[in-house]
Amino acid sequence: MRHAQADLKLEVAVIPVSDVDRSKRFYESLGWRLDADFVRGDGSRAVQLTPPGSPCSIHLGVQPNLFLVVSDIDAARAELVERGVNVSEVFHPGDGPDKVEGPDPQRRSYASYASFTDPDNNSWLLQEVTTRLPGRVDPGSTAFKSSSDLASALRRAAAAHGEHEKRAGGQHDENWPDWYAEYIVREQAGEELPS
């Protein structure tokens with residue numbers, strides 16, 4: 001039996017710019033959606049825009065990187081290592097400018113990374129995303145690209161549903177398929193999850 005291959009979804013290309021505000025205005029004038037504009041804990045600024053209808057976004061920055069989104073950072077890293085790629089250990093941002101070894105302690109979405117370079121020194125950054133931020137996905141177009149993505153979503157829904165049943169006094173929920181479906185669609189759309 002062939003093992004499922006981890007999806008590596010090209011999510012973001014960081015493009016170097018000399019003036020972030022000027023570039024932000026330019027891309028917004030093209031009708032690109034502004035997804036994020038905030039200052040990180042290390043003092044750097046994150047600005048992300050997405051062209052209409054595109055599954056891939058851009059970050060305005062200084063150092064070019066290409067982001068690959070994965071649903072399981074450990075599995076994706078292990079597969080790349082198995083294929084002979086020199087991949088960093090998993091890390092997460094600290095409170096300052098330094099990276100901290102290991103995945104994000106709370107396993108928050110968007111907070112665990114690994115990196116590698118290709119033979120031409122192009123930088124790639126793996127980013128674990130399990131729940132999208134609001135506004136990043138059209139709730140009417142939720143879909144899965146692979147059986148491994150669907151299986152991961154079902155595992156997260158099962159864990160959340162187990163907590164839901166505990167809160168309901170430990171009684172079996174006859175409507176669990178509806179609850180799972182609602183959970184998975186809301187998670188993909190970045191909406192508030194059912195409790």
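Less than 5 angstrom separates the built amide H of PHE67 from those of GLU11, VAL12, ALA13, VAL14, LEU125, all sequence-distant by 5 or more or on a different chain. Shown in residue order for the range 175-188 are the 3J(HN,Hα) couplings computed by the Karplus curve 6.51 cos²θ - 1.76 cosθ + 1.60 at θ = phi - 60°: 9, 4, x, 5, 5, 4, 4, 4, 4, 5, 5, 5, 4, 5 Hz (x for Gly and Pro). Listed by chain and number, the aspartates and glutamates whose alpha-carbon sits under 15 Å from that of LYS24, ignoring those within fewer than 8 places in the same chain, are ASP35, ASP37.
Quick one: order ARG155, ARG77 by neighbouring beta-carbon count within 10 Å, fewest to most. Show your work: numbers first, answer last.
On the way: ARG155 12, ARG77 24.
Ascending number of Cβ neighbours within 10 Å: ARG155, ARG77.
Within the chain, DSSP assigns beta bridges of which about 70% are antiparallel (rounded to the nearest 5). For the range 8-25, 3J(HN,Hα) computed residue by residue from phi via the Karplus equation (6.51, -1.76, 1.60; θ = phi - 60°) reads 10, 8, 5, 10, 9, 10, 8, 10, x, 9, 8, 9, 4, 5, 4, 5, 4, 4 Hz, glycine and proline entered as x.
Inter-part distance, the range 81-96 to the range 159-195, computed on C-alpha centroids, equals 32 Å.
Throughout, read-outs are computed from the coordinates displayed, never taken from laboratory work. Values in this document were obtained by computation on a predicted structure and should not be read as measured data. Backbone-built Cβ (ideal geometry, glycine too); neighbour counts: all protein chains shown.
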